[in-house]
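Read the structure below first, then the notes.
The values are calculated or read from the model by the stated rules, or taken from the named source; none is laboratory data. All values derive from a computational prediction rather than experimental measurement. FYI the Cβ positions are ideal-geometry reconstructions off the backbone, even for glycines, and counts take in every protein chain you see. SASA here: full protein model, heavy atoms, side chains in, ligands and nucleic acids out. Shrake-Rupley method; radii C 1.70, N 1.55, O 1.52, S 1.80 Å.
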Amino acid sequence: MSSSVLYDAPGPKARVRNRIFSVVGALAVLGLIVFAVVRLNDKGQFAPEMWDIFNYAGVRTSIRDGVLTTLKVFAVAAVLSLVLGVLLAVGRLSDHKPVRWFATAFIELFRAVPLLITIYVLWVLFLTYRSDLGLSGDDTGFWALVIGLTVYNGSVQAEVLRAGINAVPKGQREAAYALGMRKTQVMMTVLVPQAVRAMLPTIISQLVVTLKDTSLGYVITYQELLFQLQQLAGNTVVNDDNPYVPVIIVGGAIYIAMCLALSALATWIERRGRRAKTGIRVADAGQPLAAADALDVIDQSAPAAPQDAAAGKTN
């Protein structure tokens, strides 16, 4: 019987009881799903006419525009949040107290405030000073959503990167300082690249959260995918009813597809990074060295010559 430091391994009776609870729970969930499907089918939500709306060019164009707008917001917010995350992580690790205190306060503030409140406050501010800032109606919603996503996800990414930087072995930092590198060089050329590579799965997971959080633009009437789907379902009447269920199913499938595509891209980047050839190639025994490698060998062996000569004189 295997044991764990987190919990006691269940015995024969406990395993049987757990299996029974698992089966009962699965049957209960399956029953609820069947009940919901039957009720929605009775209301005509699964009628073929409800799904025919997706054959119209106007409906497909509306969904396409929503997807493109969502991807546009995500692309800008993802890049800005990563840049902000690096700056905040470096600032929180700074030796200067004012910089460290400001970065810490910024991170803790925007991690604590709900993202929806941040986006709504920014939207109201941009609406109030829209003429002074030279923003149009679409730009107001776009920048409110982008900046809100940036400050929140940038704060989370900063903590992820800070954990990755602190996880780098201390000897590498000391070796870099011993070579005469400045703190900025050590941070940007030694610590941050290793932190990004080590924390890449967590960074990508947060980017997926950023993609899903673009749906909060619905609250400020920004025409991203969720807003387009709501308008489509609310303004379309089929068999004296609105096709909310088909629209929700199609919209959910689109969100899932986008998140899976982003996760697949992250997995490909991570595997490619693991296959990358780094370091100095070691020549096989009996093969001649290249000219550059021969020079490196000579340079590395040169300091030992005076010691050998001195030893010869002593002897």
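Residues are listed down the side, and each one gets a yes or a no for (1) β-branched (Val, Ile, Thr); (2) within 27 Å of the chain's Cα centre (by Cα):
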{"position": "GLY180", "(1), (2)": "no, no"}
{"position": "MET187", "(1), (2)": "no, yes"}
{"position": "THR221", "(1), (2)": "yes, yes"}
{"position": "TYR255", "(1), (2)": "no, yes"}
{"position": "CYS259", "(1), (2)": "no, yes"}
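Results for (1) over 15 Å from the mean Cα position of the chain (by Cα); (2) of a type outside the set (Ser, Thr, Tyr); (3) closer than 23 Å to ALA103 by Cβ, shown as yes or no for each residue.
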{"position": "THR128", "(1), (2), (3)": "yes, no, no"}
{"position": "GLY134", "(1), (2), (3)": "yes, yes, no"}
{"position": "ASP139", "(1), (2), (3)": "yes, yes, no"}
{"position": "THR150", "(1), (2), (3)": "no, no, yes"}
{"position": "SER155", "(1), (2), (3)": "no, no, yes"}
{"position": "LEU161", "(1), (2), (3)": "no, yes, yes"}
{"position": "ALA175", "(1), (2), (3)": "yes, yes, no"}
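For every residue, the table says whether it meets (1) among the β-branched types (Val, Ile, Thr); (2) at pLDDT below 90; (3) within 30 Å of THR184 (Cβ to Cβ).
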| site | (1), (2), (3) |
| --- | --- |
| ASP95 | no, yes, yes |
| ILE107 | yes, no, yes |
| VAL113 | yes, no, no |
| ASP139 | no, yes, no |
| LEU145 | no, no, no |
| ALA163 | no, yes, yes |
| VAL168 | yes, yes, yes |
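Entry remark, region 232-253: residues being under 29 Å from the mean Cα position of the chain (by Cα) and open to solvent by 60 Å² or more (accessible area, probe 1.4 Å) number 2 in total. Note on region 123-172: residues that are within 16 Å of SER215 (Cα to Cα) and hydrophobic (A, V, I, L, M, F, W, C) total 8. Taking region 180-233 as the range and being touching a residue at least 12 places away in the same chain (Cβ under 8 Å), farther than 26 Å from LEU265 by Cα and in a helix (DSSP H, G or I) as the test, the residues that pass are LYS183, VAL186, MET187, TYR218, PHE227, GLN228, LEU229, GLN230, GLN231, LEU232, ALA233. Is it the case, given these coordinates, that LEU229 is crowded, with 16+ Cβ neighbours inside 10 Å, among the aliphatic types (A, V, I, L, M), within 26 Å of the chain's Cα centre (by Cα) and under 30 Å from ASN55 (Cβ atoms)? So LEU229 passes the test. Scanning region 260-267 turns up at least one residue that is open to solvent by less than 50 Å² (accessible area, probe 1.4 Å) and at pLDDT below 80. Taking the conditions exactly as written (modelled with pLDDT under 75 and either of a type in the set (Lys, Arg) or under 29 Å from ALA144 (Cβ atoms) (or both)), does ARG197 satisfy them or not? The answer is no for ARG197. If we scan region 43-52, do we find a residue that is modelled with pLDDT of 85 or more and touching a helix residue (DSSP H, G or I) at 6+ places or on another chain (Cβ under 8 Å)? Yes: region 43-52 contains one or more residues that are modelled with pLDDT of 85 or more and touching a helix residue (DSSP H, G or I) at 6+ places or on another chain (Cβ under 8 Å).
Condition first: open to solvent by less than 80 Å² (accessible area, probe 1.4 Å), among the small types (Gly, Ala, Ser) and in contact with a Leu (Cβ under 7 Å, 6 or more places away or on another chain). Can you find one or more residues in region 159-175 that meet it? Looking through region 159-175, none of the residues is open to solvent by less than 80 Å² (accessible area, probe 1.4 Å), among the small types (Gly, Ala, Ser) and in contact with a Leu (Cβ under 7 Å, 6 or more places away or on another chain).
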